[in-house]
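This report refers to the structure that appears directly beneath it.
The values are calculated or read from the model by the stated rules, or taken from the named source; none is laboratory data. Note that this is a predicted model, so its numbers are computed, not measured. Cβ sites come from the backbone with ideal geometry, for glycine too, and all protein chains shown count toward neighbours.
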């Protein structure tokens, strides 16, 4: 049974990945494949939209962690938005909130990327 | 005090497709033990992490090898024991350094840290070829 899915959308130079459902070690390959495809297409400004993400384990968090350095080296970033309180708490528990930007919604995350581009 | 015998024990094969079932079961048992939904979800995540490590590191992705889960309920806490064969786990002794993991482009290294931060105790042991991960969470009063 498919309990996790990921879709992506490109807006200008920003890629938004929409995570849906229960993301654990069993489904993580699907997420990594989408992340690799996104970066492979030259997109390094990435928003992870977790509005429909009900659960994440370290397997999924590891993908967000493992590609951050690469996208930042290329002038991009990974920002997260629209997480439920429960999912946000898990990221906060291991210190992701010190390193990543967590935004209220996608529009705000897009704005943050525009702010950085304007300053550059 | 936890009882000598588990309130519930199950055996599962080392398959990641069963992780969600274990998470739902653990969440349910934690809720019965008066943990609030947020705490119950975190306890279930700790169990997910422990079993994922068993499948990846102890059984190294092999389809054979049982995993036994035992749940012990006390008035103010929940103890979970995970018993398995395979390579004995060697959890990192040092606290995780997230910035270093990112610099090293690592995708792993968060699981045991999550378990430690969620549960009150996490202990690994190996006796007579059987590995054990024992975790306890106390239900602290508000």
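Some notes on this structure:
- Pair list, Cβ under 6 Å, 6 or more apart: the range B:78-106 residue within 14 Å of another protein chain (Cβ to nearest Cβ) and at pLDDT below 90, other residue part of a helix (DSSP H, G or I) and surrounded by 17 or more Cβ atoms within 10 Å (Cβ to Cβ): B:91/B:112; B:96/B:113
- Residues of the range B:4-17 satisfying the condition of being free of Cβ contacts under 8 Å to residues at least 24 places away in the same chain and either in a helix (DSSP H, G or I) or within 13 Å of another protein chain (Cβ to nearest Cβ) (or both): B:17
- Once the range B:26-37 is narrowed to residues that are surrounded by 16 or more Cβ atoms within 10 Å (Cβ to Cβ) and touching a residue at least 40 places away in the same chain (Cβ under 8 Å), the residue that is nearest to the chain's Cα centre (by Cα) is B:26.
- Checking each residue in the range A:35-77 for being in a loop (DSSP other than H, G, I, E, B), in contact with a strand residue (DSSP E or B) (Cβ under 9 Å, 6 or more places away or on another chain) and loosely packed, with under 14 Cβ neighbours inside 10 Å picks out A:41, A:75.
- The condition (being at negative phi, more than 14 Å from chain A (Cβ to nearest Cβ) and either under 14 Å from the mean Cα position of the chain (by Cα) or surrounded by 18 or more Cβ atoms within 10 Å (Cβ to Cβ) (or both)) is satisfied by just one residue among B:40, B:68: B:68.
- Matching residues, the range A:78-88, being within 14 Å of chain B (Cβ to nearest Cβ), surrounded by 14 or more Cβ atoms within 10 Å (Cβ to Cβ) and not in a loop (DSSP other than H, G, I, E, B): A:78, A:86, A:87, A:88
- Considering B:56, B:42, B:105, B:137, the condition of being more than 22 Å from residue B:2 (Cα to Cα) and touching a helix residue (DSSP H, G or I) at 6+ places or on another chain (Cβ under 7 Å) is satisfied by B:105 alone.
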